[in-house]
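Here the structure comes first, spelled out in structure tokens, and everything after it is commentary.
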Amino acid sequence: MHNRLKVRTTEAQRAAADREKEKKLQLYRNTINDVFERRSRNEYDVLALKSSEGLLRSNPDIVTIWNYRKEILLHLKPSEEIINDELYLTEKCLQVNPKSYSAWYHRNWLLDNVDPNPDWNKELQLCTKYLKIDERNFHCWDYRQIVASKCQEPNENELKFTMEMIESNFSNYSAWHYRSKLFCAAGKDEESTKISELSLVESAAFTDPSDQSAWIYQRWLIGKLEPSKFIYKVSQIKNKMYIILNRNLPNNYKIIGSGETNWEQFDSKIWCKKVDNVDNTNIKIIDEVNQVIDNVSIDNVQQDIFNLNISEQLQLVLNGQLDSLRQLLEMEPESKWALLTYVLLLYTLKPTYYFENCLKNIKLLKELDIKRKNYYNDLESRYQIEHWIANNNNNNMDDVNLNGYGLTAFYHMHMFLFNKNIDLSDNDLSHSNLNHLKHLIMCKKLSLKNCKLVNLNNFPALNNLEALDLRENQIQEISCKELTKCKSLKTIILDKKQIALDEILKGINQSIIIEIM
């Protein structure tokens, strides 16, 4: 303890303490061996239950012992007294370790499978008791979600409880998380709910800008906003019609148009169907009540595809928060959580010069928060690619030029499904999964020059790919075999430092022409 004089132990005292420790350890071993032997003899009685109580009170996290007790209870068909004793045991174990997952789980199992008349309201009170002791006990929060559902506690009461816990400690991640779960379960995506929650979280975040819990919740609320449009583009490849979506299609939504046959899912955001003749009708997205959510004509590209569906009232609230963030950052320019939220709000609202400001502030975040540099790099990559798509989506364009954009990750590659010449050179894709290129099914020429690649693992089967530029990469020879999946590949471009790859590639496929540049 602090401010207490440390008493030095003598050799004799240390030896006595060691003997006492060894004595307790031996007793523990003997007891646990006795329990395991009882289980091996299929002893399922009250004595078997009693034999493990002491063990669990000293160490509530021995999962095997709890499992044995479950077996005993199922065999016994226990009385109300035995059930109450078991509940009492779990509570005693929780007093030893309030975060014992095994004890919480056993208590839930007991009430669900053995107790004929579980008192879930009493369990809710128990949760409140333990959360008053430790408001961030996430095992108890998880248990509370189950209990509140069982006793059908009104969401309003649980929201009020989370608010009380947050007011006592803004840094209560579990309370914020439970709050988000309550809204999702109730289907409360109404605008009024978003606005009230944004106001709440602004108050919490600005009270302590260094505490990230409220900022995380605010970013979750912003992330709940959906793009205003579903469809990016519809076009035909040979005898198939493809529709490219901006976001996943809900299960109860349908695609209609271009014939009577059903659309099939090619990928999470790509749907297709076989067609004989292309008609000029629009392709539509309809909801469960046959209301048209989005529509586009064939070979037309939707504009403003990444704009979010924000009402005028909500936009006023978000603009107000953007102004507040500007003021906060003037006073505390190195508040990284406020700065990150500012970037996300900028990109959400897209005011004048938003893109340049986003990139400038992401650069600052990389300096302030070095440990999350990779996250900021990937965020910047996403913004760069979205900005390029939004500003270069004319209908007849075959070329995609993302040369030197500083990309570290692939985003929205499915939107390049119809493009034939794609330049991704001079980026850092060393930690990216090349399988994301699988959507480039019409690509004939692909440049991965100077992308810091060390291998070609997971390179997809691009059946239309004819030319591949791999210059200025340190590619391992063994990974070149991945390219055999590209059946139309004719030309691979290497540099003079990659001469060793020349023979390897020729050995894999003699029909490929290797150009050294």
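Details
- Residues whose amide H comes within less than 5 Å of that of residue 400, counting only those at least five positions distant or on another chain, are 421, 422, 423 (H built at 1.01 Å from N in the peptide plane).
- Exceedance of the 22 Å cut-off in Cα-Cα distance is limited, within the set 273/438; 350/452; 420/449; 181/229; 336/452; 194/350, to 350/452; 181/229; 336/452.
- If you plug the beta carbon distance of residue 84 and residue 206 into 1/(1 + (r/R0)^6) with R0 = 35 Å, you get a FRET efficiency near 0.10.
- The alpha carbon centroids of the range 231-264 and the range 172-186 are separated by 35 Å.
- Computed magnitude of the charge dipole of the chain (debye, nearest 20; Cβ of K, R +1, Cβ of D, E -1): 1500
- Rg ratio (alpha-carbon, reference 2.2 N^0.38 Å) - the range 371-418: 1.23
- The modelled label-to-label distance for the pair residue 153/residue 360, using points 7 Å beyond Cα in the direction of Cβ, is 4.8 nm.
- FRET E, pair residue 47, residue 134, Förster distance 35 Å, beta-carbon r, rounded to 0.05: 0.50
- By DSSP, the beta bridges lying fully in the range 445-517 are antiparallel in about 0 percent of cases.
- Residues 304, 134, sorted by accessible area with the largest first, give 304, 134 [1.4 Å probe; ligands and nucleic acids excluded].
- Panel note: the C-alpha atoms of the range 295-336, placed on their principal axes, show extents of 52, 24, 10 Å (largest first).
- Solvent-accessible heavy-atom area per residue, rounded to whole Å², over the chain at 1.4 Å: 54
- For the range 86-142, the Stokes-Einstein estimate of translational diffusion at 4 °C and a viscosity of 1.567 mPa s comes to 113 µm²/s, using the Kirkwood hydrodynamic radius over alpha-carbon pairs.
- Shape summary: the range 380-495 maps onto an equivalent ellipsoid whose semi-axes, from the alpha-carbon gyration tensor, are 21, 17, 12 Å in decreasing order.
- Apportionment of accessible area to carbon and sulfur, the range 127-260, percent (1.4 Å): 47
- Projected label points at residue 171 and residue 457, each 7 Å from Cα along the beta carbon direction, are separated by 3.8 nanometres.
- Average projected area [Cα convex hull, the range 39-119], square nanometres: 4.8
- Kirkwood hydrodynamic radius of the range 435-517, from inverse mean 1/r over distinct Cα pairs, in Å: 12.5
- Cut-off under 5 Å, modelled amide H: who pairs with residue 293 long-range: 285, 286, 287
- Percent accessible area from carbon and sulfur atoms, the range 283-405, protein chains only, probe 1.4 Å: 42
- When restricted to Cα atoms, the chain yields an Rg and a Dmax of 30.9, 96 Å, respectively.
- Only helical runs count toward this figure. For the chain, summing -39,500 (n - 2.57) over DSSP H runs of n ≥ 4 and dividing by all residues gives -15500 deg cm²/dmol at 222 nm.
- Within straight-line cross-link reach of residue 506, aspartates and glutamates at Cα separation under 20 Å, skipping those fewer than 8 residues along the same chain: 466, 469, 472, 477, 482, 495, 515
- Relative contact order of the chain, taken over Cα pairs closer than 8 Å and 6 or more residues apart, is 6 percent.
The values are calculated or read from the model by the stated rules, or taken from the named source; none is laboratory data. No experiment lies behind these values; they were computed from the predicted model shown. Please note: Cβ atoms are built from the backbone with ideal geometry, for glycine as well, and neighbour counts cover all protein chains shown. In case anyone asks, the SASA skips ligands and DNA or RNA and just uses the protein heavy atoms, side chains included. Shrake-Rupley method; radii C 1.70, N 1.55, O 1.52, S 1.80 Å.
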